[in-house]
Amino acid sequence: MKIHEYQAKQLFRRYNVPVPEGSVVFSVEEAKRTASALGGFPVVVKAQIHAGGRGKGGGVKLAASINEVETLANEILGMTLVTHQTGPEGRLVKKLLVEAGQLIERELYLSLLVDRNTASIVIMASPDGGMDIEQVAHKTPDRIIKVYIDPLMGIQGYQLRQVGFALGIPGAAMKQFSTLLSNLYQLFMENDCSMVEINPLILTVDDKVLALDAKVDFDANALYRHQELMELRDLDEEDPMEVEASRFNLNYINLDGNVGNIVNGAGLAMATMDIIKNAGATPANFMDVGGGASSEQVENALRIILADSKVKAVLINIFGGILRCDIFAKGIVDAARKTNIRVPIVVRMEGTNVEEGKKILSQAGLNLINAENLSDAAQKVAAAVI
Ligand code: ADP
Ligand code: MG
């Protein structure tokens, strides 16, 4: 689960990770009030959306006076901000972070991630931080160092210094940097984060280190342990169809293609996406109704997929195990009666009570295309969209 920069910075403050003074605002008037309370200029006006690259997209700007704060807040609030991470449709900006502008000596990069290969926390750091970090990763990857932390041992003093040296932190700021990184590691572990990224971490002209940007992602599977973090969720920033699917405990991810698919089990869902691709079409979503889905869940799954205008055909691929084929078929029939089925639907069913399931479907008089097996299903659904 992602959160906004201003929320991440509040979390940083709790762990004594230094950040500039500032707060979130929802209107131009509030922006002006907050800016004058900061007591100096420049002030930075920053769009709050769940995507990076805001600076390059025109969502982060410096103001030298209250009048400029007003102009910039007017311009950025309500704009549709397009960055390389939002896709061409962009994101509507509904809130701003107004914070004290800093005198930057150097911009550095620092992040912590879960590294599944080594079962450790990896710290990535680069002296070449800032808005061109993607270029650094692409062109001079040796300028990014990685330090692996064994979660059972915790972060060690020599590792803090190793990262500090790699970043070229001057002697005068080394102690402050070590504390910052050690606190950041503690924040990461205690909140079950999957990622914490500071880009840029800055060195100020008077040798202080400070997080100018803050990105935090929590492991959704561990959120049940952190009720207080759940309150930071911003549904406005999530795909509305994914939010709707999560209400019914459906594992749904919206994709770019035009073949909607409903499958029970994540492995089968991955395989189904592969066979759709293999047959020359592209999946519009990943939808796992789960091994023990109820007919109500099946009904919601179909309704959500058919509400997606890019879906031109649907492939339903069910292996009846815990979810019996007859239960599943009832869900489809109920859904079909309530929904306007505007596209061809191919059904492949196998497993427990398959004959009964097929009977229910054929007696319902729905316009479904029956598939004999997986490859037949893929071919039929691809033929329907090509
Ligand atoms: P994004 O990563 O989405 O582009 P950042 O928060 O990293 O947004 O801001 C982009 C750039 O704006 C930073 O690299 C930094 O140069 C500048 N910047 C951001 N916040 C401040 C600040 N408080 N003071 C001075 N410059 C800032
Ligand atoms: Mg940034």
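Table: residues versus (1) within 12 Å of ligand 2 (Cβ to nearest atom); (2) of a type in the set (Asp, Glu); (3) without any contact (Cβ under 8 Å) to a residue 40 or more places away in the chain; (4) in the same structural domain as Asp256 (by TED's automatic domain parsing).
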residue: Ile49; (1), (2), (3), (4): no, no, no, no
residue: Lys56; (1), (2), (3), (4): yes, no, no, no
residue: Ile66; (1), (2), (3), (4): no, no, yes, no
residue: Thr71; (1), (2), (3), (4): no, no, yes, no
residue: Leu77; (1), (2), (3), (4): no, no, no, no
residue: Leu81; (1), (2), (3), (4): no, no, yes, no
residue: Gln85; (1), (2), (3), (4): yes, no, yes, no
residue: Pro88; (1), (2), (3), (4): no, no, yes, no
Point to revise | Meets criteria (within 16 Å of ligand 2 (Cβ to nearest atom), farther than 21 Å from Glu197 by Cα and of a type outside the set (Ser, Thr, Tyr)) for Leu62 | key: yes
Check your understanding: Which one is nearest to Ala47 (Cα to Cα), of the residues in segment 189-222 that are away from ligand 2 (no atom under 16 Å from the Cβ) and in a strand (DSSP E or B)?
Key -> Phe218
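Residue-wise test of (1) surrounded by 15 or more Cβ atoms within 10 Å (Cβ to Cβ); (2) assigned to a loop (DSSP other than H, G, I, E, B).
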residue: Asn67; (1), (2): no, no
residue: Ala73; (1), (2): yes, no
residue: Thr86; (1), (2): yes, yes
residue: Leu97; (1), (2): yes, no
residue: Leu110; (1), (2): yes, no
residue: Ile121; (1), (2): yes, no
residue: Met124; (1), (2): yes, no
residue: Glu134; (1), (2): no, no
residue: Val147; (1), (2): yes, no
**Study point:** Boolean, Asp213 is of a type outside the set (A, V, I, L, M), surrounded by fewer than 17 Cβ atoms within 10 Å (Cβ to Cβ) and within 30 Å of Thr80 (Cβ to Cβ)
**Key:** no
Exercise for review: With the checklist (1) touching an Asp or Glu at 6+ places or on another chain (Cβ under 7 Å); (2) in a loop (DSSP other than H, G, I, E, B) in hand, flag the one item Met241 doesn't pass.
Suggested key: (2)
Review point. Given the structure, is Gln227 modelled with pLDDT of 95 or more and either more than 16 Å from ligand 2 (Cβ to nearest atom) or open to solvent by 60 Å² or more (accessible area, probe 1.4 Å) (or both)?
Key: no
Exercise for review: Could you list all residues from segment 284-302 that are within 24 Å of the chain's Cα centre (by Cα) and more than 12 Å from Val263 (Cα to Cα)?
Suggested key: Ala284, Asn300
Exercise for review: Take the residues in segment 136-145 that are away from ligand 1 (no atom under 16 Å from the Cβ) and either small (Gly, Ala, Ser) or part of a loop (DSSP other than H, G, I, E, B) (or both), then tell me which one is least open to solvent (accessible area, probe 1.4 Å).
Suggested key: Ile144
Point to revise | Residue satisfying condition, being touching a Cys at 6+ places or on another chain (Cβ under 7 Å) and modelled with pLDDT under 95, within set Met287, Met349 | key: Met349
Review point. Condition test on Ile104, is it surrounded by fewer than 16 Cβ atoms within 10 Å (Cβ to Cβ), more than 23 Å from Glu231 (Cα to Cα), touching a residue at least 24 places away in the same chain (Cβ under 8 Å) and not small (Gly, Ala, Ser)?
Key: yes
Point to revise | Search result, residues across segment 29-65 that are surrounded by 15 or more Cβ atoms within 10 Å (Cβ to Cβ) and hydroxyl-bearing (Ser, Thr, Tyr) | key: Thr34
Check your understanding: In segment 154-185, what residues are surrounded by fewer than 18 Cβ atoms within 10 Å (Cβ to Cβ), more than 31 Å from the chain's Cα centre (by Cα) and not in a helix (DSSP H, G or I)?
Key -> Gly168, Pro170
Exercise for review: Please state which of the following conditions Met349 fails to meet, knowing it meets all the rest: (1) more than 21 Å from Leu255 (Cβ to Cβ); (2) within 26 Å of the chain's Cα centre (by Cα); (3) open to solvent by less than 30 Å² (accessible area, probe 1.4 Å).
Suggested key: (2)
Point to revise | Condition check for Asp256: open to solvent by 30 Å² or more (accessible area, probe 1.4 Å) and outside any helix (DSSP H, G or I) | key: yes
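The values are calculated or read from the model by the stated rules, or taken from the named source; none is laboratory data. Predicted, not measured: the structure shown is a model, and the values here were computed from it. A quick note on method: Cβ atoms are made from the backbone with ideal geometry, for glycine too, and the neighbour counts reach across all protein chains shown. Side chains are part of the model used for accessible areas, which takes the heavy atoms of the whole protein and leaves out ligands, DNA and RNA. Shrake-Rupley method; radii C 1.70, N 1.55, O 1.52, S 1.80 Å.
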